[in-house]
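Structure first, then comments.
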Amino acid sequence: MNIPWSKMAQNTPSSVVRDMLQAAQAPGMISLAGGLPAQSSFPLEAIRAAYEKVFMGGSAALQYAETEGFRPLRAKIAERLESKGIPASPDHMLLTTGSQQSIDLVCRILLDPGDSVLVESPTYLAALQVIHSYQAEAHGVTCDDDGMLPESLEEQLQLHRPKLVYINPTFSNPSGKVWSRARRQQAVDLCRKYGVLILEDDPYGEIRFKPEQLDAPALAQLDAESYEGPSNVIYTSTFSKTVAPGLRTGWILAAPDVIKIAARAKQGADLHSSSIDQRALHALLESFDLDGHIRNISQDYEQRMKKMTTLMAAKSWEGISWNSPQGGMFLWLQLPESMLASNLFTYGIQEKVCIVPGDSFYAGTPELNRMRINFTHTDPDLLPEAVERMDRAIQRWHASLQSDSVVTL
């Protein structure tokens, strides 16, 4: 049948990472590919008790609910954000089905075909998918370890006149970097100067290994401290990395006009996100020490990261380096320029270890010798074997240089 697909459907590419994860399902495969939290970190008993409390309250949780989300939960989130220095109000908040829906809703209400969005280089792959699905153009801004270079950001603001600047400034996906305070302030000031909204995506920001050593306030906070009136920053985060992704609960915090139009768009998408999950999260936050839980997660993830990097360093791979993240879930590897990450991915699959080539994370010309590794999901006891398999994949690549063999799956 010749189906007349819409332009949006035609412009929505498949997720390269999701496609690769199908390979990760093969028997015996160790996957370092997905952006998954540790399943052992989910507070199962506390969540079970929260749901029981919701159902003991009667059938109201099974009814339709308001689009903006369960107000007591919005109030709890606003209280948490205020405690971290981010001005927040439940009236300026929309609960979403994860922060992925937040990105989609913001793009839906702002972007027309041909519009421009500025992003980090590299940036979150699924954000690029959303931007392209609305037939908008994403343009990469040059970055270093401290974030977007101000001169590059201003040049792109002048050149492309974007509708939006999308950033993931704290333990970003895929690079794991954290922007400096100065770069955050410069981005706020430049976007104010050119009248461009910022979408600050912050799913990993609370997973800080040494929080007392990190001066990385949200751009939403800096914008409020620097300017009067409605915020120029649309802030989104989620409970997926701090509680459990299966609850699919995130939020948008923004100026009232943005929330109003985003809620209208959400009504057309799903009426509202799961009210049962929202009520359960509220019950959880009433009795559960979430901050203590996040501290425990952060300590566990730091130990996993150190174990992973220690094992890799012991291999003394020539020409291969990686970052030392201060939080989050990812390592960003740089390979020798002659080593294509896509080839190493293929050799890794042959050795039953799955890692993600970095080229799909770029809006423009990609760096073909970059790879992302997730260190939070794999059982720590399997990390030595994972690194051994990576080592064998690298040796396969070296051997291919001698034999000129063709790499195929």
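The values are calculated or read from the model by the stated rules, or taken from the named source; none is laboratory data. In this text, all values refer to a predicted model and were calculated from it rather than measured experimentally. Here Cβ is always computed from backbone atoms with ideal geometry, including for glycine, and neighbour counts include all displayed protein chains. Surface areas here come from the heavy atoms of the whole protein model, side chains and all, with no ligands, DNA or RNA. Shrake-Rupley method; radii C 1.70, N 1.55, O 1.52, S 1.80 Å.
What the table below lists for this structure:
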| item | result |
| --- | --- |
| Any hit, the stretch 323-337, residues being of a type in the set (Gly, Ala, Ser), open to solvent by 30 Å² or more (accessible area, probe 1.4 Å) and without any contact (Cβ under 8 Å) to a residue 24 or more places away in the chain | yes |
| Residue ID - surrounded by the fewest Cβ atoms within 10 Å (Cβ to Cβ), chosen from residues in the stretch 349-381 that are of a type outside the set (A, V, I, L, M) and part of a helix (DSSP H, G or I) | ASP381 |
| Criterion: crowded, with 23+ Cβ neighbours inside 10 Å and touching a Phe, Trp or Tyr at 6+ places or on another chain (Cβ under 6 Å) - qualifying residue of ALA244, ALA254, ALA280 | ALA280 |
| Any hit, the stretch 314-325, residues being in a strand (DSSP E or B) and under 21 Å from the mean Cα position of the chain (by Cα) | yes |
| Selection status of ALA127, open to solvent by less than 10 Å² (accessible area, probe 1.4 Å), among the small types (Gly, Ala, Ser), out of contact with any His (no Cβ under 9 Å at 6 or more places or on another chain) and within 14 Å of ALA363 (Cβ to Cβ) | yes |
| Close pairs (6 angstrom Cβ cut-off, 6 or more residues apart or separate chains): within 18 Å of GLY250 (Cα to Cα) in the stretch 103-124, open to solvent by less than 40 Å² (accessible area, probe 1.4 Å) and among the hydroxyl-bearing types (Ser, Thr, Tyr) anywhere | CYS107/TYR134 |
| Criterion violated by GLY35 - all others in (1) at pLDDT 95 or above; (2) under 21 Å from the mean Cα position of the chain (by Cα) satisfied | (1) |
| Condition met for GLU302 (surrounded by fewer than 21 Cβ atoms within 10 Å (Cβ to Cβ), touching a residue at least 24 places away in the same chain (Cβ under 8 Å), charged (D, E, K, R) and over 28 Å from ALA49 (Cβ atoms)) | yes |
| Unmet criterion (only one of (1) open to solvent by less than 50 Å² (accessible area, probe 1.4 Å); (2) over 17 Å from the mean Cα position of the chain (by Cα); (3) in contact (Cβ under 8 Å) with a residue 60 or more places away in the chain) for GLN135 | (1) |
| Near pairs, Cβ below 8 angstrom, 6+ apart or cross-chain, from the stretch 272-295 (without any contact (Cβ under 8 Å) to a residue 60 or more places away in the chain) to any residue that is outside any helix (DSSP H, G or I) and open to solvent by 20 Å² or more (accessible area, probe 1.4 Å) | ASP277/ARG248 |
| Residue count for the stretch 196-217, restricted to those that are more than 17 Å from ILE103 (Cα to Cα) and open to solvent by less than 50 Å² (accessible area, probe 1.4 Å) | 5 |
| Selection count, the stretch 266-277, where residues are in contact with a Leu (Cβ under 6 Å, 6 or more places away or on another chain) and open to solvent by 20 Å² or more (accessible area, probe 1.4 Å) | 1 |
| Residues of the stretch 138-195 satisfying the condition of being surrounded by 16 or more Cβ atoms within 10 Å (Cβ to Cβ), farther than 25 Å from ALA33 by Cα, touching an Asp or Glu at 6+ places or on another chain (Cβ under 7 Å) and of a type outside the set (Val, Ile, Thr) | MET148, LYS163, SER180, ARG183, LEU190 |
| Residue that is farthest from LEU253 (Cα to Cα) [pool: residues in the stretch 56-69 that are open to solvent by less than 50 Å² (accessible area, probe 1.4 Å) and modelled with pLDDT of 95 or more] | ALA65 |
| Yes/no for GLY114 being on the phi > 0 side of the Ramachandran plot and either in contact with a Pro (Cβ under 7 Å, 6 or more places away or on another chain) or open to solvent by less than 10 Å² (accessible area, probe 1.4 Å) (or both) | no |
